[in-house]
Structures are given as C-alpha cells and as structure tokens.
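What follows is a single structure, written as structure tokens, with notes after it.
The values are calculated or read from the model by the stated rules, or taken from the named source; none is laboratory data. All values reported here derive from a predicted model rather than from experimental measurement. Methodologically, a virtual Cβ is constructed for each residue, glycine included, from the backbone with ideal geometry; neighbour enumeration extends over all protein chains shown. Surface accessibility is based on the protein's heavy atoms, side chains included, excluding ligands, DNA and RNA. Shrake-Rupley method; radii C 1.70, N 1.55, O 1.52, S 1.80 Å.
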Amino acid sequence: MKACILEAPHTYNIKDIPVPEPKDGEVLLRVLTASICVNDVRDYNGDNNFSYPHIGGHEYSAVVEKLGPNVNENLIHVGDHVINDTTDECGICDDCKFGNENICDEFTKGPAYFNSNGYSGFFGFSEYVVVKASHIYIYPKETPSDIAALTEPLACVINSIQRTPIKMGDDVVVLGSGAMGLLHVLCAKQQGARVIVSEVNPERAAFARQLGADVTINPMEADAVEQIKKLTHGRGANVVFNTTAIPAVAAQAIEMTAKTGSCNMFSSIHPNDPILVNAGRIHSNEIYVTGTQNGTRETYRRALNCICKSIIDVRPLISRVYKPEDIVEALEYAASPESYKVLIEFSK
Ligand SMILES: [Zn+2]
Ligand SMILES: [Zn+2]
C-alpha cells in the first residue's frame with residue numbers, strides 16, 4: 001500500500017509498504033480522505049515528541065475493507081463508510097474508568113507515539129489502516145467523504161462547546177479564527193449567542209463574518225480585553241474560547257470573561273510558559289476556567305450527526321484537496337495563513 005512516511009523532520013517519503021492484517025477485534029479500513037491537522041504540521045516541523053518512522057493523519061474518512069476475528073458482524077459490514085476515534089485509551093486507568101478516556105495518559109505513551117518495531121502514528125496518511133472495531137463510527141454512504149473527514153476536529157470543538165454553558169442571547173468570544181476557531185463560531189451560533197471573533201488577519205476576520213460571526217475585533221489595533229468590555233457594556237463575555245496557542249492570549253481570555261462566565265482553553269499552548277492570573281477576580285466574579293482536549297466517545301457521534309444531517313456545514317472550511325504524492329506541498333499550504341482545512345484524497 002501507498003504510505004506517506006515521515007522519516008525525520010521535514011523529510012517525507014512516499015513508500016510502498018505491506019497492508020496490515022486486522023487482529024482480534026480489529027478492522028482493516030481503506031482511507032478515503034484524510035485532513036491535515038495543525039498537529040500534523042507540528043509533526044512535520046519536528047515540534048512533537050514521537051518515534052520515527054511516523055505515519056501521521058488522525059482525521060480521516062474510510063471504508064471497511066476486512067473484519068478481523070471476533071468483530072460483531074451484525075453491526076459492522078465490509079463496505080461501511082466510517083470515521084475512527086483515534087484516541088487509543090487504555091481502559092484501565094482512573095481517567096478511563098470515570099469516562100474521561102479522551103485524556104487517558106497511556107494513549108500518548110502507546111504505539112501511536114512510540115513504536116520501536118514499526119511505524120508510529122495514526123495511518124490516515126496511508127492507503128490502509130487497522131483500527132479497533134469499538135473505535136469506529138458508521139455514517140451514511142450519501143455523506144461525502146471529504147466533509148466526513150472533518151469529524152475529528154468538530155468532535156474536539158463540540159467537546160469544548162458542551163463544557164461551557166451557552167445561553168440564548170449570550171456574548172461568546174472566540175479568540176483566533178483558524179479552522180478550529182471557525183468551528184467554534186458555527187457551533188456557538190447554533191446555541192443562540194452573539195459571536196465576537198478576535199483575529200489579527202483582516203482576510204480571516206472577513207471570512208469569520210461570512211461564516212456567521214456577528215462582530216470581529218483586531219487585537220493589534222487596541223487592547224483585546226478593552227475592546228470586548230466596550231462591546232459588552234463593561235461586563236465582558238459570558239463565554240470565551242481560546243483557540244490560539246499564545247500564553248499572553250490565554251491570560252487575556254480569562255480577563256475578558258464576565259462575572260459567572262466560562263473560559264475554555266481549547267488550544268494547547270506553545271511554548272507553554274506560565275501566565276499570571278488574577279485569582280482574586282476569578283474568586284469574586286465566580287469565573288469558571290477550564291480546558292478541553294480531544295473529542296470524547298460521545299462528541300465524535302454528535303459531530304458525525306451534525307455533519308451528516310447538515311446541522312453544521314463544514315464544507316466552507318475545505319481550502320484545497322491534494323494527492324498523497326503532494327503531501328509536502330499540502331502541509332506547507334496547511335501551515336500558511338491562506339488555508340483552513342487541507343485534505344489529501346487517497347481513494348473515492
Ligand atoms: Zn486533529
Ligand atoms: Zn486510560
């Protein structure tokens with residue numbers, strides 16, 4: 001099978017490698033379309049920790065090609081169109097037992113990250129991938145594979161949206177309008193909020209308004225906290241989502257949250273420098289500060305439902321589609337400010 005193999009930072013090779021065999025409780029999938037995540041770009045740049053050689057791609061749609069032994073044939077059939085929850089939780093630790101499998105620590109120590117006798121990674125950037133049957137979600141064949149490939153990012157955003165109570169008429173601030181920021185805009189609009197986006201790039205701000213943002217502010221023109229206070233009669237925003245990786249912006253996110261409001265650190269922070277927080281204000285204003293990582297079992301299903309039922313239209317986020325051979329060009333375009341989601345089509 002054809003696979004895009006990251007051999008070292010900035011070194012991709014397209015190779016022909018054996019198709020993996022599904023073992024007990026596993027299924028073999030043929031990848032239809034993979035989507036590039038900001039994490040794939042960080043992998044390419046050598047900014048993440050994993051073993052080489054590596055086959056990335058954790059956002060993808062696929063077709064069931066073969067069932068391994070002991071897979072429930074009543075529920076999964078060859079030819080089913082599926083997406084896969086790539087979080088390989090251990091099922092044993094307390095996080096897993098309490099239903100927080102999306103933050104299981106064992107996952108990032110496992111073979112997806114460190115594989116001494118083979119390829120690390122999620123294999124969305126290869127023609128075939130073997131996954132656990134319990135991790136797949138079947139979707140209707142009429143749903144196009146390109147939008148289905150965006151289930152994972154939407155599942156992460158729905159996890160973020162569901163963690164913060166948005167009420168009708170609330171002011172919601174989304175910091176940053178990359179693909180993840182825009183998915184927050186689309187979801188928050190569905191909750192009946194006025195959505196304010198903070199974005200430095202004027203073209204990206206215009207696109208956020210096109211997708212439904214009510215107001216955009218430019219944090220380079222004036223202090224972002226002051227601008228949000230001005231727009232909300234001094235109260236701040238009821239809900240703030242930080243989709244940027246910048247520590248100073250994380251601090252501002254908390255500062256612009258209104259009394260009894262919620263602030264979610266959606267993005268990972270790079271570099272993860274500690275920030276100064278006004279703990280007294282969090283106390284006296286009863287502000288809720290939280291974080292979310294990955295999608296959960298539930299939010300994957302909800303994301304797929306939203307895409308298949310056309311509740312959330314993710315299509316405008318697709319900037320370009322590339323062939324697997326052009327993965328380097330695709331990653332470079334994905335890293336540029338002109339793009340949102342960049343896809344790699346493996347098969348139809
Ligand atoms: Zn992702
Ligand atoms: Zn676990």
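Each of residue 297 and residue 260 was given a label point 7 Å from its Cα along the Cα-to-Cβ line. The distance between the two points is 3.4 nm. Taking the Cα centre of the chain as origin and assigning +1 to Lys and Arg Cβ atoms and -1 to Asp and Glu Cβ atoms, the resulting dipole is close to 1000 debye. Protection proxy ranking of 181-189, 317-325, by the mean of other Cβ atoms within 10 Å over each peptide's residues and highest first, is 181-189, 317-325.
Leaving ligands, DNA and RNA out of it, report the carbon-plus-sulfur percent of the accessible area of the chain at a 1.4 Å probe. Answer for the chain: carbon and sulfur cover 51 percent of the accessible area. Annotation: extensible slack from residue 289 through residue 98 equals 66.7 nm (criterion: 0.36 nm per residue apart, minus Cα-Cα distance).
Protection proxy ranking of 202-215, 98-111, by the mean of other Cβ atoms within 10 Å over each peptide's residues and highest first, is 202-215, 98-111. Solvent-accessible area per residue in the chain equals 45 Å², computed with a 1.4 angstrom probe and all protein chains kept. Between residue 309 and residue 109, the distance separating the two model label sites (each 7 Å from Cα on the Cα→Cβ line) works out to 4.0 nm. If the chain linking residue 70 and residue 328 were pulled fully straight, counting 0.36 nm for each residue of separation and taking away their Cα-Cα distance, it would gain 89.0 nm. Long-range amide H contacts for residue 217: which residues qualify at under 5 Å (H placed 1.01 Å from N, peptide plane, sequence gap of 5 or more or a different chain)? Those qualifying (amide H under 5 Å, at least 5 residues apart or on another chain) are 197, 198, 199.
Phi-derived couplings, Karplus 6.51 cos²θ - 1.76 cosθ + 1.60 at θ = phi - 60°, listed residue by residue for the stretch 13-25: 10, 8, 10, 9, 10, x, 6, x, 9, x, 9, 3, x Hz, with x used for Gly and Pro. The order of the peptides 251-263, 298-310, 225-237 by mean Cβ neighbours within 10 Å, most packed first, is 251-263, 298-310, 225-237.
A helix-only calculation puts the chain at -7000 deg cm²/dmol for mean residue ellipticity at 222 nm, using -39500 (n - 2.57) for each DSSP H run of at least four residues, averaged over all residues. 3J(HN,Hα) along the stretch 174-187: 10, 8, x, 10, x, 4, 6, x, 5, 5, 4, 4, 4, 6 Hz, from the Karplus curve 6.51 cos²θ - 1.76 cosθ + 1.60 with θ = phi - 60°, whole Hz, x for Gly and Pro. Distant-in-sequence amide contacts of residue 312, defined by a placed amide H-H separation under 5 Å and a gap of 5 or more residues or a different chain, comprise 307.
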